[in-house]
Structure formats: structure tokens, C-alpha cells
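Notes to accompany the following structure.
The values are calculated or read from the model by the stated rules, or taken from the named source; none is laboratory data. What you are looking at is a predicted structure, and each value in this text was computed from that prediction instead of being measured. No Cβ is skipped: glycine too gets one built from the backbone with ideal geometry, and neighbour counts run over all protein chains shown. Calculation scope for accessible area: heavy atoms of the full protein, side chains included, ligands and nucleic acids excluded. Shrake-Rupley method; radii C 1.70, N 1.55, O 1.52, S 1.80 Å.
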Amino acid sequence: MGATVETTAVDLEKMKVSEEKDKVPNGNDPVDENSEDEEEAGAPEVGAAKKKKRKKKPKKKNKPAASTQSNPPRVPLDQLFPNGNFPVGEECDYRDENLKRKTDEEKRHLDRMNNDFLTDYRKGAEVHRQVRQWAQGWIKPGMSLTEIAEGIENSVRALTGHDGLTDGDSLLAGMGFPTGVSINNCAAHYTPNAGNKTTLKQEDVMKVDFGVHMNGRIVDSAFTMTFDPVYDNLLAAVKDATNTGIRTMESYEVEIGGTTYQVKSIRNLNGHNINQFQIHGGKSVPIVKGGDQTKMEEGETFAIETFGSTGKGYVRDDLEVSHYARRPDAPNISLRLTSAKNILGVINKNFGTLPFCRRYLDRLGQDKYLLGLNNLVTSGIVEAYPPLCDIKGSYTAQYEHTILLRPTVKEVISRGIDY
């Protein structure tokens, strides 16, 4: 997710890397446990009644737990990792005077104390990896943006084990940020609202940006999809910059329709820190160098993201709003509109300060809520996140990772084999 405040750039590459269900006989053929062997007709009884023989009931076999993910992803992650040990992200050493953190006994002890915190993040990251790797093979031109977004979101909910249809369930685990499917010059914060019929085209450049959370620990990660190799350099520039720095991005050029464009960084979009249940924690990581000297601190979580464009490298609010989040510092004011009171109650019970979109309200059976929702925005209780777009006719790309600043090392928690 893009933010628009300024602080310190991060260089990821310079960091050194430390290191169907099987069918089982169900044994449920009808068995009469009280059945007797039939006596021969007319046979005389001799002494005590004949011994009754019972048929042995076949033992039920436990169905084996799934060992691989289904297609589409529907196997809860707890079944695939029954011991609760989820994959570790890419661990990177601190540099210079902070390198000693890796062997410092006090820091190592603090790292071990963060076990629950790390488990939540690593589980969310593995959900993100499994869903996005499936999505990259599943998404094709001709699909509607609604189908794409809902396919990703339904998979996330299935893998976390929380469908979000009862009050409070979405606060336990599930979507940490609505699925953005921003096309071409639109760089971020676009997801279809109800009734949207937009389809993905062969020549489109689509940014797929979604978050997964476990107990409010949000893993925010994004990638870009294209179906025409003409855009390869644009994607390579942005992916490279996410790992090594912006100067790398602006050394790339891309030729589209016979015209050559320099890939520009979108200078007013930034990375950001992430707090529990809060996608934007207040600090930002600008794409371009600025004067802000705000520093990252031990224990913080950051979304490091870069955006490249063939346009002006500057985005403005555009199109219909779909993304919202209740402000953590929302004022306590009296609301006059009944619809505003009602929809705020739904937001509090189901999302808290987690971001949501209009489709999530539709899914909960809400209707005729837009007036009330807009009233919450103008009252400063809910923040609206409009789509962010460069000039028409331009193409934008995005890559994003979540990093944890652990006491001993930095962990790129969302790193995968894809990016």
C-alpha cells in the first residue's frame, strides 16, 4: 500500500543474507450390532440359549491431513504446518556498528522472547506467498477485476481459517488490506466496487497489492503482472529498485509503441511503518531522498515499496473511492445520521482500525450505507484512500515487501521464490 509522507530510504539488497484427501474405506456399511445368527427352523433348544455372535464393527481410519495446498488454495495453513513452525523470511544482517547485534546475548534473548509475534507474522507471510503464487498462474486476460480480487480474498480467508462472516471474526485473522488491482496509470488503492464490470486486458499492467493479518500483525506485499514482454524492463526496474535503491530504477528505459521512456520513480508515494491493526503507523519511507531524518527503530515493522512510471512520476487522487479505514485517533463526536451510526457499529465489530473496502460491507449484508460512510469520512472518523494515478496513457509498476526490525537481524518476512 502506498503512503504519502516522507522519511528515510531503505536499501534491501545491501543487506547480507544470513542464512484429494486419500480415499479411506469409511467402514460405514450398515451393521446391526444386535443381529443374531439365524437358528435353523424347528431346531430344538438345548439347555441355555445359544450364544449370540456379534459382527465386529470395522475400525474407522483417521483421514490423513492434507500435506499439499489445493488449487484454488483452500487447505488451512494449520493443517499444512501442524507443529506451528512456519517458514522464516529472508534474514539480513545489520551493517556497520549494528552488526554486533547478531551475536549480542541480550539481543539474542530479546529475539527469543518475540516468539508469538514472529509466529503471527510468519504465518501471515506464508499465507500471502501461497495465495499470490497460485494467483500468478490463475490470473488471465479476460477475467473481471472483481473475480480476481475475490479469488485472492476467498483464498486468504480459507488459509487463515476465518471467513469473516460473523462479528469479530475478521479481527482474529484474514485480510489485512483489501486486494488492489490497479491498472496501467493507476498506481495504487484501486479495487472494484459493486457492479464494476472492468476486465483485465492483454495489454494491461496490473499491480496486485493485498495484505494478510494474524492477530492484527499485517503482512503487506505487492507485485505487478503483465502479459506482453514489452513491459519487462518496467517491471525489472521496479523490482530491482525495491531491493537495491531508486538510482537503479532510473537507469532503466522501456520502449512502448515505438517510443522510449525512462522509468521514473513516483516521488510522492512512499513505504510506511505498520502497527498492530494499523496499516499506516505514522512513519514513512520515501522513494526519493529528502530532508526528513526520522529513523527506524528496533522492533518496528515496515512496508518497503517502490513504484515506477513511464509518466510524470507523480500521482494524484482519481476515480471512485473503494478503500477505507477507521482512524485510530478518531474524534469522539455525536453523529446525527442514523446510517452513520449503524455503519460505524459494523466497522467497529468487524474491522476495527483494519482497512476495508465497500465489497466487504456488501458481503456482510449491508446496503444503502454510502451516505453514512461518507459522513464518517467528513467527520474525521474514517479515512478514505482514493485511487492514486499518474497521467493518462502512462504505465506504472509496483513491488513491495514487509520487513521486521528484529533485535538481531532484519527479516524480509514476505520474501518468496517469486520476488
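Details
- Accessible surface computed residue by residue for region 322-385, with neighbouring protein chains in place and a 1.4 Å probe, gives 49 Å² per residue.
- Residue list for region 156-175, given a label point 7 angstrom along the Cα-to-Cβ vector of Gln79 and an amide N cut-off under 15 Å: 156-163
- For region 147-298: rounded, prolate or oblate by the Cα gyration tensor [a/c cutoff 1.5]: oblate
- Pairs exceeding 21 Å between alpha-carbon atoms, taken from Lys283/Lys392; Lys102/Lys239; Lys289/Lys312: Lys283/Lys392; Lys102/Lys239.
- Stretched out straight at 0.36 nm per residue, the stretch from Asp362 to Ser144 would grow longer than its current Cα-Cα span by 76.7 nm.
- Gyration tensor (alpha-carbon) shape descriptor, region 322-385, a/c threshold 1.5: oblate
- Region 249-332: GluC sites (Glu not before Pro) in DSSP loop, at most 10 other beta carbons within 10 Å: Glu297
- Relative frequency of Cα-Cα separations exceeding 26 Å in region 269-419, percent: 41
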